[in-house]
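In what follows, a structure is listed as structure tokens, so that the remarks can point back to it.
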Amino acid sequence: MATKYRGFSTINQVKKFRLTDVELVKRDLINHFSIKKGQKLMNPEFGSIIWNMLYEPMTADVESTIVEDVKRIVNYDPRLRVDGVLINEFEHGLQIQIDLTFLPGNYSEQLLLDFNSTSNALAVS
């Protein structure tokens, strides 16, 4: 299969900075979720509201708002399609399970994002 997407990342990389295809798309998506909505200069609509929802009680409205935010972010990237979203609470945050399809090619994968309120860090499982 020929490489369709090329890029680079210095996050968690020792010597290999070049990313291609699925790994590049995942890194771009993780970067988008890492930014709080309103933080990006000149683009206040970019980023995620999930960081602001970590301290809210998990009501049906809050859960629906988070799911819509996840879908908005995934649909922002034409290389992805969201197939499902599941939200789980843990002691210091939320875990978002996203079922993704990478386009073209219809490769599916599950991505687990842990939004931690104590460290203000996003972990990927």
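Available extension along the chain between TYR55 and ARG81 is 6.5 nm, counting 0.36 nm per residue and deducting the alpha carbon span.
The angle separating the long axis of helix 21-34 from the principal Cα axis of greatest extent in the chain is about 30 degrees.
Could you order ILE50, ILE87, ILE35 by accessible surface area, starting with the largest, using a probe radius of 1.4 Å? Could the numbers behind the result be given before it?
Values: ILE50 0, ILE87 20, ILE35 50 Å².
Correct descending sequence by accessible area is ILE35, ILE87, ILE50.
What the phi angles of region 101-115 give under the Karplus curve with 6.51, -1.76 and 1.60, with θ = phi - 60°, is a coupling list of 10, 8, 10, x, x, 6, 7, 9, 7, 9, 10, 10, 10, 9, 8 Hz, glycine and proline written as x. What do you get for the angle between helix 60-76 and the principal long axis of the chain? Use alpha-carbon atoms, 0 to 90 degrees, nearest ten. Approximately 20 degrees, to the nearest 10. Entry note, the chain: the mean residue ellipticity at 222 nm calculated from DSSP H runs of n ≥ 4, each adding -39500 (n - 2.57), is -8500 deg cm²/dmol after division by the residues and rounding to the nearest 500. Both radii come from the Cα set of region 40-105: Rg as radius of gyration, Rh as Kirkwood radius; their ratio Rg/Rh reads 1.00. Annotated for the chain: lysine pairs at least 8 residues apart or interchain, Cα distance under 20 Å, count 11.
Between THR65 and GLU109, how high is the FRET efficiency from 1/(1 + (r/R0)^6) when r is the Cβ-Cβ distance and R₀ = 22 Å? Nearest 0.05. Using R0 = 22 Å, I get an efficiency of 0.35. Inverting the pair-averaged 1/r between distinct Cα atoms of the chain gives 15.3 Å as its Kirkwood hydrodynamic radius.
The values are calculated or read from the model by the stated rules, or taken from the named source; none is laboratory data. Remember, predicted model here, so these are calculated numbers, not experimental data. When we count neighbours, we look across all protein chains shown, and the Cβ atoms used for this are built from the backbone with ideal geometry, even at glycine. Side chains included, ligands, DNA and RNA excluded: accessible areas come from the protein's heavy atoms. Shrake-Rupley method; radii C 1.70, N 1.55, O 1.52, S 1.80 Å.
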